[in-house]
Amino acid sequence: MHSLESSQIHAEQMALIDSESSTTLIGALITAVFYTIVLYGSVSSSILLPWFSAITLVYIVRWLIINYVYKLDISIEGRSYNWEKIYFVGVFIAGLLWGVGSYYIIPDDNPLLDAVIVLTIGGLVAAASVTYAPSKYLGSAFSFPALLPLSYYFFTKDGNEFFYMGVLVFIYILMIFTSNRVMHHANLKGIMLGYKNDVLIGDLKNKVQKIESMSGEISYHASHDMLTGLINRREFEARLEKAITSVKRNKRNHALCYMDLDEFKIVNDTCGHVAGDALLQNLARHLEGKIRTTDTIARLGGDEFGLLLPLCNINKARKIANDLREIIKDFQFVWDNKVFDVGVSIGLVEINENMVTLTDVLKAADSACYVAKESGKNRIHVYQDDDAQLTQRLGDMHSAQAVQKALVDDRFVLFAQEIRANHETEIKWHGEFLVRMQSENNELIYPDKFIPAAERYNLIIDIDKWVVNSAFSYIQKLEEKYDGAVLCAINLSGQSICDKGFLDYVVRKLDESDITPSSVCFEVTETAAVANFFHAERLLEILKGMGCSFSLDDFGSGLSSFGYLKKLNVDYLKIDGSFIKSMLDDDKDYALVKSINQVGKEMGMKTIAEFVENDLLHNKLIEMNVDFSQGYGIAKPVALNTLV
């Protein structure tokens, strides 16, 4: 068996011989004709003509075999070896005819003709050596049978001159044999070098192609969203930047649509993220077929898309945006035999000379999209400089940036407001922790100024984590001061209730701290608890299992308070302050406070009255048997560090 590499090299060697075979055969036939003409008349025709016929027949048969019967095909592995064997037989027979024929043809008494014969045979042998150099055997296959009979002829003749001729012919045979070997090895090295070069070039081409392919893939992935196949935010912003620059240069306006799907969360929560991904993919393909060829649509992240409308005034852009809104509204997504309708809120902004930077354009479009969503969803809001709604939105964004910086700079502080027991209790200090933010000028900023923005921009969880971490360190000091008889209320937002990472954080902090879990009371609003009931129930189960207690804040403000109350295993019920502060003047509020207090007691909960602003209210609550009172009439919030 031959290796693949040696087979390929051998095939190339035989191909070189094959490419010259027709020329070689024609040359040999011409030589035979010349040879016959020169010797005709000096050599018996009965010997010369049969020899010529035989040599001609051999060459013709060889030509027919190698061109028609067994043609060389280097694409067939191993075929070149068999082809060489067949060629070897033909070459050997031709050499034998030349050598044996010359032995019988050479005249005894004509030195000139002797020289012609010797030179002719020698020339044929030399030519064969060169032609058959790619083969290890073919040169010798012709040379030995062609020259040995001549050498033998001269050795059998009397006379020193014949002996010397025989010796010269024999030496020539050895030289030809040696030159055959040398030329074969030189040819082999050349072919091997060429083969290796071809391999290297082939490998290089393959690597270049792979690099080009990888470069193309990397370029594609760098500019496209992996999920939808649309261009990604990075590429979209680059194109948007060019559009902004072109406005300054060409004085032609463009438009940008910032699109946020309205009901995507329902699909994700109901059917899982796989369904959500499928929705985004299907919708992306659907939208691609609906936009103009000059437009650019991109997935900006999550369920947000951007559409750049080049050379498009605001009126035309509004029509295109409305068409897209209708298309998305009519789009139905089916998953697991469930049908979902998808809406979209679109913020539309004109890219004109007033839009100086990429940040300006994106901020305006994002704010307009938010206003569209806040206004009822499935609608378009066009950005205008004097838009009051957008002004509020931009104010929220500014507040969110201030919150982020305050978190980085650790500029939050905790205050505490005492919750006073209306009857005798073992608790020595009971209060609610309240967070404040300090401005860069050390001015206190109250929660109503930064909490809405923090919730809107998903910063509230970070604030809640900061509160929990700081509160635990203060609780430890309060426990030391009041012999462990404390109850500290910590407020949790709706987003934190739903965030598993936040729950894990609280559990870890409880495990790491030295505080008694029973000193901690987590407080959630009724609205947040009802809206996130499943998550709230799990949070209560885990943290109550560790020894913490729970308080339901603003009870009575929701629409289904009593229906959910029996399902939430809370320890304290905080009666909504809007009922408390007017209960002395409004019989209905008084009746509500009384009934909430009674229901709470029946369900084994302690009740807390909020917004207790004077002694009259406080005394009435004591009379009503409400357990605790909280408000400015009891105690104002003070910095927590003043209590420890």
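Placing unit charges on C-beta atoms (Lys and Arg positive, Asp and Glu negative, everything else neutral), compute the dipole magnitude of the range 547-644 about its Cα centre in debye, rounded to 20.
Here the range 547-644 has a charge dipole of around 300 debye.
Would you kindly state how much longer the chain becomes between residue 624 and residue 359 on full extension, computed as 0.36 nm times their sequence separation minus their alpha carbon distance, in nm to one decimal?
89.6 nm
Using a Förster distance of 22 angstrom, determine the FRET efficiency expected from the C-beta separation of residue 73 and residue 205, and round it to 0.05.
So the FRET efficiency works out to roughly 0.30.
As I understand it, the dipole of the range 414-535 uses +1 on the Cβ of Lys and Arg and -1 on the Cβ of Asp and Glu, about the Cα centre. Which of 474, 427, 515 lies farthest toward its positive end?
It is 474, whose Cα lies furthest towards the positive end.
For the range 396-470, taking Cα atoms only, what is the radius of gyration to one decimal and the Dmax to the nearest whole Å?
Reported Rg and Dmax, both Å: 14.7, 48.
Mind checking the full-extension length gain between residue 327 and residue 164? Use 0.36 nm per residue of separation minus the Cα-Cα distance, one decimal, nm.
The span from residue 327 to residue 164 would gain 48.1 nm if fully extended.
Counting only residues 5 or more places away or on other chains, whose amide H sits under 5 Å from the amide H of residue 607 once H atoms are built in the peptide plane?
Close amide H contacts, sequence-distant or interchain: 573, 627, 628.
Between their Cα atoms, which of 566/636; 319/377; 465/567; 265/405; 567/594 are more than 24 Å away from each other?
566/636; 465/567; 265/405
Can you tell me, using C-alpha contacts under 8 Å and at least 6 residues apart, the relative contact order of the range 22-132 as a whole percent?
On the way: 62 pairs, mean separation 33.3, N = 111.
Relative contact order of the range 22-132: 30 percent.
Given charges of +1 on the Cβ of Lys and Arg and -1 on the Cβ of Asp and Glu, with all other atoms neutral, how large is the dipole of the chain about its Cα centre, in debye to the nearest 20?
Here the size comes out at about 2300 debye.
Treating only the Cβ of Lys, Arg, Asp and Glu as charged (+1, +1, -1, -1), what charge dipole size does the range 313-453 show about its Cα centre? Round to the nearest 20 debye. Walk me through the numbers before you get to the answer.
Values: 17 positive and 23 negative charges, 81 e Å.
So the magnitude is around 380 debye.
Using the alpha-carbon atoms, what tilt in degrees (0 to 90, nearest 10) does helix 160-223 show relative to the longest principal axis of the chain?
20
Could you run the Karplus curve 6.51 cos²θ - 1.76 cosθ + 1.60 with θ = phi - 60° over the range 373-384 and give me ³J(HN,Hα) per residue in whole Hz, x for Gly and Pro?
5, 5, 7, x, 6, 6, 8, 10, 10, 8, 5, 9
What are the ³J(HN,Hα) couplings of the range 144-150, residue after residue, when phi is run through the Karplus curve with 6.51, -1.76, 1.60 and θ = phi - 60°? Round to Hz, x for glycine and proline.
Working through the residues one at a time gives 5, x, 7, 9, 4, x, 5 Hz.
Taking only C-alpha pairs under 8 Å that are 6+ residues apart, what is the relative contact order of the range 269-376 in percent? Mind showing how you got there, number by number?
Working: 85 pairs, mean separation 18.9, N = 108.
Computed over the range 269-376, the figure is 17 percent.
Probe radius 1.4 Å, ligands and nucleic acids left out: which of 623, 237 has the largest accessible area, and how do the rest follow?
On the way: 623 130, 237 50 Å².
Output order, biggest surface exposure first: 623, 237.
For residue 430, which sequence-distant residues (separation of 5 or more, or a different chain) have an amide H within less than 5 Å of its own amide H, given hydrogens modelled in the peptide plane?
Here 419, 487 satisfy the definition.
Rounded to two decimals, what is the ratio between the C-alpha radius of gyration of the range 12-167 and 2.2 N^0.38 Å?
Cα Rg divided by the expected 2.2 N^0.38 Å: 1.11.
How large is ³J(HN,Hα), in whole Hz, for each residue of the range 590-595 in order, when computed from phi with the Karplus curve 6.51 cos²θ - 1.76 cosθ + 1.60 and θ = phi - 60°, using x for Gly and Pro?
4, 5, 5, 4, 5, 5
For the range 324-373, rounded, prolate or oblate, judged on the Cα gyration tensor with a ≥ b ≥ c (square roots of eigenvalues), a/c < 1.5 rounded, else prolate if a/b > b/c? Please list the in-between numbers first.
On the way: a/c = 3.84, a/b = 3.27, b/c = 1.17.
The shape class here is prolate.
From the residues 270, 22, 490, which one has its Cα farthest along the dipole of the chain in the positive direction, the dipole being from +1 and -1 charges on Cβ of Lys/Arg and Asp/Glu about the Cα centre?
22
Quick one: grab the alpha carbon gyration tensor of the range 502-644, order the square roots of its eigenvalues as a ≥ b ≥ c, and give me rounded if a/c is under 1.5, else prolate or oblate depending on whether a/b is larger than b/c.
oblate
Take every Cα-Cα pair in the range 291-389 and report what % of them are more than 22 Å apart.
Tail fraction, whole percent: 30.
Explain nothing, just the number: relative contact order of the chain, from Cα pairs under 8 Å at least 6 residues apart, as a whole percent. Provide the component values of the computation, followed by the final result.
Working: 932 pairs, mean separation 48.8, N = 644.
Worked out over the chain, it gives 8 percent.
What's the ranking of 58-66, 282-290, 142-150, 457-465 by average number of surrounding C-beta atoms within 10 Å, highest first?
142-150, 457-465, 58-66, 282-290
Can you pull the Kirkwood radius for the range 205-307, inverse mean 1/r over Cα pairs, to one decimal in Å?
About 15.6 Å, per the Kirkwood formula over Cα pairs.
Of all alpha-carbon pairs in the range 4-79, indicate the percentage at a distance above 17 angstrom.
When all Cα pairs of the range 4-79 are counted, 56 percent exceed 17 Å.
Using only alpha carbons, build the gyration tensor for the chain and give me the equivalent ellipsoid semi-axes, biggest first, whole Å.
Here the semi-axes work out to 106, 31, 21 Å.
Give or take rounding to whole Å, what are the principal axis extents of the alpha carbon atoms in the range 419-569, in descending order?
47, 39, 32
I'd like the orientation of helix 314-330 relative to the chain: the angle between its Cα long axis and the longest Cα principal axis, in ° from 0 to 90, rounded to 10.
In the chain, helix 314-330 runs at an angle near 90 degrees to the longest axis.
The values are calculated or read from the model by the stated rules, or taken from the named source; none is laboratory data. Note that the structure is predicted; figures quoted are calculated from it, not measured. Cβ coordinates were reconstructed from backbone atoms using ideal geometry, including for glycine residues, and neighbour counts include every protein chain displayed. These area figures cover heavy atoms from the full protein model, side chains too; ligands, DNA and RNA do not enter into them. Shrake-Rupley method; radii C 1.70, N 1.55, O 1.52, S 1.80 Å.
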